[in-house]
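Below you'll find the structure I mean.
The values are calculated or read from the model by the stated rules, or taken from the named source; none is laboratory data. Not measured: the values here are computed from a predicted model. Virtual Cβ from ideal backbone geometry, glycine too; neighbours counted across all protein chains shown. Surface accessibility is based on the protein's heavy atoms, side chains included, excluding ligands, DNA and RNA. Shrake-Rupley method; radii C 1.70, N 1.55, O 1.52, S 1.80 Å.
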Amino acid sequence: MVEVRNLKKVYEAQGRRVEAIGNITFSISRGEFACIVGPSGAGKTTLLKCLAGLVTPTAGDVVLDGDPVTGPPRGMAVVFQEYGRSLFPWKTVQQNIDLPLRQKGLPRAERDRLVSEALAAVSLADAGRAYPWQLSGGMQQRVAIARAVAYEPHVLLMDEPFAAVDAQTRADLEDLVRKLWRDLGITTLFVTHDIDESVYLGERVIVLSASPTHVLDDVRIDLPAE
Ligand code: ADP
Ligand code: ADP
């Protein structure tokens, strides 16, 4: 359902050329949980931004359900590392989750249902009226996940979403993400530099090498049964 074909990205900054992605080809099937792992600078964020239509590739294509991605595609939702910056501080938790649903043009009743289901799914049913700054970092990241899930994306993209939280919170959030994937069957692409996290979470691990960036390995993991 997601195909990345001969993707290449070169940034030109202050007369310097940086090849962020050399030549990457892989595809993800519907319902899959794939981790993309690689060292810092391997081009992981760039790859994710190309998938999300936020960065234009220098060459190659991203194809979602047969259609080339040329701008922000409606079927993708992204959870970034900096939860503090991805939520709007002057909006309540509920309003933050509702905003993309409004942009989608959904009617009020359906939005309300999706918002409360998503809050329940991340165990924040009572936090709808709170403001993000009243919540801990881990809770804010739960809100970001709820917002992404409420959007009912074809693909959930996560960019090192738990790199900035403490170990216990991170373990809780990892379990939450895995549970959401199992329960909802959302196709999930999870980017991390942490090989342990990638092997723990994903049923597939795509390993990127740095300079020149390419797919070094692509392995299947047998996940423990529920
Ligand atoms: P990763 O997420 O694996 O750390 P990135 O995609 O962030 O890798 O970066 C890959 C390379 O591209 C790095 O060398 C980085 O410095 C460079 N890079 C990333 N974004 C830009 C940009 N906007 N302009 C110039 N170079 C960039
Ligand atoms: P606009 O006025 O341009 O429609 P909004 O004020 O509705 O924008 O949204 C502000 C910003 O929030 C936009 O840059 C948009 O890209 C971003 N945004 C919307 N939905 C999401 C989401 N699900 N995750 C992260 N950012 C989002």
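Can you tell me which of VAL191, VAL149, VAL143 is within 16 Å of ligand 1 (Cβ to nearest atom), in contact (Cβ under 8 Å) with a residue 60 or more places away in the chain and surrounded by 21 or more Cβ atoms within 10 Å (Cβ to Cβ)? Let's see the steps before the verdict.
Details: VAL149 fails: within 16 Å of ligand 1 (Cβ to nearest atom); VAL143 fails: within 16 Å of ligand 1 (Cβ to nearest atom).
The conditions single out VAL191.
Another question, if that's okay. Determine if region 122-140 includes at least one residue that is among the aliphatic types (A, V, I, L, M), open to solvent by 30 Å² or more (accessible area, probe 1.4 Å) and within 20 Å of the chain's Cα centre (by Cα).
Yes: one or more hits.
So, in region 152-188, how many residues would count as being assigned to a loop (DSSP other than H, G, I, E, B) and surrounded by fewer than 18 Cβ atoms within 10 Å (Cβ to Cβ)?
Of the residues in region 152-188, 6 are assigned to a loop (DSSP other than H, G, I, E, B) and surrounded by fewer than 18 Cβ atoms within 10 Å (Cβ to Cβ).
Would you check which residues across region 58-86 are in a loop (DSSP other than H, G, I, E, B) and open to solvent by less than 40 Å² (accessible area, probe 1.4 Å) and list them? It would help to see each step written out before you state the result.
Residues of region 58-86 that are in a loop (DSSP other than H, G, I, E, B), as a first pass: 58, 65-66, 69-75, 80-82.
Passing the criteria: VAL69, GLY71, PRO73, GLY75.
Something else about it: Taking LEU208, is it open to solvent by less than 20 Å² (accessible area, probe 1.4 Å) and either hydrophobic (A, V, I, L, M, F, W, C) or part of a helix (DSSP H, G or I) (or both)?
So LEU208 fits the description; yes.
Then there's this: Please specify each residue of region 188-210 satisfying the condition of being under 17 Å from ASP222 (Cα atoms) and among the hydroxyl-bearing types (Ser, Thr, Tyr).
Scanning region 188-210 gives THR188, SER198, TYR200.
Only residues in region 18-41 that are free of Cβ contacts under 8 Å to residues at least 40 places away in the same chain count as the first member; pair them with residues that are among the aromatic types (Phe, Trp, Tyr), Cβ under 8 angstrom, at least 6 apart or cross-chain, and list the lot.
So the pair list comes out as VAL18/TYR11.
Turning to a different aspect of this structure: Pull out all pairs, ordered by first then second residue, where Cβ-Cβ is under 7 Å, the residues are six or more apart or on different chains, the first lies in region 90-107 and is closer than 14 Å to ALA148 by Cβ and assigned to a helix (DSSP H, G or I), and the second is of a type in the set (Lys, Arg) and away from ligand 2 (no atom under 11 Å from the Cβ).
Listed pairs, sorted by first residue: ASP98/ARG111; LEU101/ARG111.
Continuing with this model, one more query. In region 37-57, how many residues are at negative phi and either hydroxyl-bearing (Ser, Thr, Tyr) or open to solvent by 60 Å² or more (accessible area, probe 1.4 Å) (or both)?
Result for region 37-57: 7.
When region 13-36 is examined, which residues are found to be assigned to a strand (DSSP E or B) and open to solvent by 20 Å² or more (accessible area, probe 1.4 Å)?
Of the residues in region 13-36, the ones assigned to a strand (DSSP E or B) are 13, 16-28, 33-36.
Matches in region 13-36: ALA13, ARG16, ARG17, VAL18, GLU19, ASN23, THR25, SER27.
Within region 184-196, does at least one residue satisfy the condition of being farther than 17 Å from MET76 by Cα and polar (S, T, N, Q)?
Scanning region 184-196, I find at least one residue that is farther than 17 Å from MET76 by Cα and polar (S, T, N, Q), so the answer is yes.
Those residues that are within 9 Å of ligand 1 (Cβ to nearest atom), open to solvent by 50 Å² or more (accessible area, probe 1.4 Å) and not acidic (Asp, Glu), I need them from region 1-12; list them, please.
Hit for region 1-12 is TYR11, nothing else.
Might you check whether a residue that is at pLDDT below 90, farther than 26 Å from ILE195 by Cα and out of contact with any His (no Cβ under 6 Å at 6 or more places or on another chain) occurs anywhere in region 34-52?
Checked against the condition, which is being at pLDDT below 90, farther than 26 Å from ILE195 by Cα and out of contact with any His (no Cβ under 6 Å at 6 or more places or on another chain), region 34-52 yields no hits at all.
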